[in-house]
DNA sequence: TTGTAAGCGTTATCAG
DNA sequence: CTGATAACGCTTACAA
């Protein structure tokens with residue numbers, strides 16, 4: 001059908017018997033300008049010839065492009081895979097390309113990649129993944145992003161309110177606090193916190209929110225029960241093993257994300273500890289597979305896919321908003337099998 | 001640091017006191033041409049000014065680009081997330097961009113997207129995800145890809161040996177046959193096959209291989225135990241429920257991929273059927289989480305991440321291979337908790 | 001409205 | 001080996 005070579009705008013113009021400029025205007029202008037008969041002719045020719053504009057030429061001439069940069073922590077992490085999926089779908093539907101990078105929370109890698117996206121003049125940059133508490137860590141990246149933004153680029157971040165542009169603010173604090181309250185209602189009184197790195201603001205917020213929720217009932221977390229590690233499956237596994245090794249268990253373990261919770265579940269199972277019989281476990285995020293964990297995981301549901309889609313929509317809106325938008329996303333507590341009434345209570 | 005505006009090659013040239021052409025040559029030529037003193041000057045100026053080449057201009061002039069198109073079924077599916085992750089990592093390390101699309105096995109969407117990648121003159125296209133048995137379905141896509149390939153583009157596919165270019169051929173048949181043998185060794189005699197859509201060649205191959213493995217021991221699959229559905233979690237769940245509803249169970253269930261197997265596990269658990277006590281379950285692929293399923297999943301391990309990395313390396317090799325390479329990837333059976341000795345045998 | 005022509009930032013050709 | 005200069009395909013003033 002389409003031959004080996006390319007159809008250029010010039011070919012379309014000639015075929016339609018109009019000038020290059022006219023063809024260009026017709027093809028890009030969603031507006032109704034152009035004499036109807038010319039419009040029709042050009043459209044027909046373009047379709048017949050199978051014309052696809054050269055995005056590079058377009059980018060060069062118009063100083064914009066139709067690709068969006070998506071910077072995430074790791075595609076392999078289901079949390080981000082969901083966000084990416086949602087984002088990619090709306091981009092594809094709108095004829096935009098998505099170029100994606102995984103930066104593994106390495107600020108330097110992030111900075112470098114963003115510089116490249118900027119040079120590529122991507123239409124927008126979406127950043128998903130927590131920032132570090134220490135703002136200086138990502139200074140280079142922030143600077144880069146600001147130049148991009150100031151030059152007219154769109155920036156949408158998820159949970160990075162300090163960055164320029166729009167932001168999807170996840171209610172980490174409130175979600176975790178809600179979860180804590182529900183857990184207390186179940187009768188739990190002693191909690192362990194698998195915090196991951198407390199240098200990530202997401203974790204810090206979730207932990208802070210959780211503690212606040214507990215505090216309302218006068219419950220404090222034993223410092224010995226606050227164990228950190230990496231913010232992933234292994235981190236959850238190791239932290240739990242550490243807990244297990246200490247010989248003392250709380251009645252409930254809160255992992256600051258679902259994947260860590262899964263690690264915790266695995267560690268507990270290996271050690272022969274019954275969940276929720278002996279300990280309850282809860283996570284945060286509600287990754288799709290949380291429903292398939294054994295036991296199914298209690299967690300704070302976040303509409304991850306929609307968040308990705310929403311972020312992409314913000315990134316794609318015609319006029320970059322006069323004022324940056326902050327959209328709050330609130331999670332909803334979902335109690336499933338992994339949390340039960342407190343063990344102590346049960347024994348009564 | 002970097003100002004708001006852009007540094008162009010011209011600026012670097014002026015700063016270094018050489019011509020545009022010289023600067024261009026120095027900056028792109030990995031070769032040692034250019035007077036050393038000029039080379040040094042240009043490099044220094046570029047570094048000092050923070051020069052980043054404009055990829056669009058480069059693409060337009062040189063008719064190539066430094067982005068690779070990655071077309072997969074769905075990022076949310078851990079199987080593909082792993083492949084994508086492996087691919088993205090090597091691309092990033094080599095300073096290449098990856099633009100990714102999910103096509104959900106929709107041939108039309110695939111064709112459209114590939115046409116766009118082609119127009120964008122991406123440096124290579126990587127295609128992961130099974131083809132349909134019926135070649136006509138993806139005729140348009142194939143044509144598009146061939147034009148791209150014939151025009152000098154690199155194509156690397158995973159499990160699509162009919163396509164032009166290099167191919168990572170997954171030993172679906174042999175892997176499934178191996179698995180079948182091991183399962184027979186365990187004493188199993190009756191098997192159910194959760195096939196997914198038999199229109200996908202991957203599934204067809206896995207099913208055929210599995211049957212072949214069984215046939216070596218004179219075992220046949222009861223047609224009533226061969227149930228199809230979608231090639232995902234839900235497909236596995238539903239197929240298993242269907243099986244359950246029929247009132248008759250085999251001693252072992254083979255799901256043609258891990259995610260389906262997870263669905264099966266969930267259905268079984270909900271129905272109160274013990275695995276592997278009453279039925280054994282096996283999958284294919286060895287998604288990371290297979291180790292966290294309860295029970296941990298027996299499956300055929302595929303080095304998914306390495307496959308993605310390998311595919312990207314093939315895509316990036318300097319000269320497109322004179323002859324297309326076919327690399328065979330063989331899976332390895334991993335027996336974990338989800339398969340045990342056949343239930344009937346146990347009861348003796 | 002439509003056409004002409006001047007860029008956009010690089011690469012590549014061709015003289016010097 | 002180096003330096004002008006013409007592409008590359010498209011957008012967009014500017015002119016008609």
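Values in this text are rule-based calculations from the coordinates and carry no lab data. For clarity, every value in this text was computed on a predicted model and none was experimentally measured. With ideal geometry, Cβ positions are generated from the backbone for all residues, glycine too; neighbour counts draw on all protein chains shown.
Structure above, values below:
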item	result
Percent antiparallel among DSSP beta bridges (both partners in the protein assembly as shown, rounded to 5)	10 percent
Burial ordering of B:231, B:132, fewest other beta-carbon atoms within 10 Å first	B:132, B:231
Chain A: calculated mean residue ellipticity at 222 nm from DSSP helix runs of at least 4, using -39500 (n - 2.57)	-13500 deg cm²/dmol
Whole-angstrom gap from region B:179-217 to region A:299-329, using each part's C-alpha centre	45 Å
Choice from B:14, B:325, B:291 showing the highest fluctuation, given a GNM over chain B with Cα pairs closer than 10 Å	B:14
At 7 Å out from Cα toward Cβ: residue B:40 inter-copy label distances (nm, ascending)	7.0
Gyration tensor (alpha-carbon) shape descriptor, chain A, a/c threshold 1.5	prolate
Relative contact order (%) - chain B, alpha-carbon pairs under 8 angstrom, separation at least six	16 percent
Alpha-carbon centroids, region A:223-271 and region A:92-139: separation in whole Å	31 Å
Inter-copy spacing of residue A:326 label points, which lie 7 Å from Cα along Cα→Cβ, given in nm from shortest upward	5.9
C-alpha long axis of helix B:139-150 to longest principal axis of chain B, angle in °	40 degrees
Residue with peak Gaussian network fluctuation, chain B [Cα springs, cutoff 10 Å], from B:207, B:12, B:133	B:12
Gaussian network model of chain B, Cα within-10 Å springs - most flexible of B:27, B:268, B:109	B:27
Cα long-axis angle, helix B:233-245 against chain B (0 to 90 degrees, to the nearest 10)	10 degrees
Gyration tensor (alpha-carbon) shape descriptor, region B:90-146, a/c threshold 1.5	prolate
Degrees, to the nearest 10: B:172-185 long Cα axis against longest axis of chain B	30 degrees
Sites residue B:219 and residue B:20 - FRET efficiency at Förster radius 60 Å, r taken between beta-carbons, to 0.05	0.25
Fraction of beta bridges assigned by DSSP in chain A that are antiparallel (%, nearest 5)	10 percent
Inter-probe distance in nm under a simple model that places probes 7 Å from Cα toward Cβ, at residue B:134 and residue B:162	1.2 nm
Inter-label distance, nm, simple model (7 Å from Cα along the C-beta direction), residue A:106/residue B:189	5.6 nm
Gyration tensor (alpha-carbon) shape descriptor, the protein assembly as shown, a/c threshold 1.5	oblate
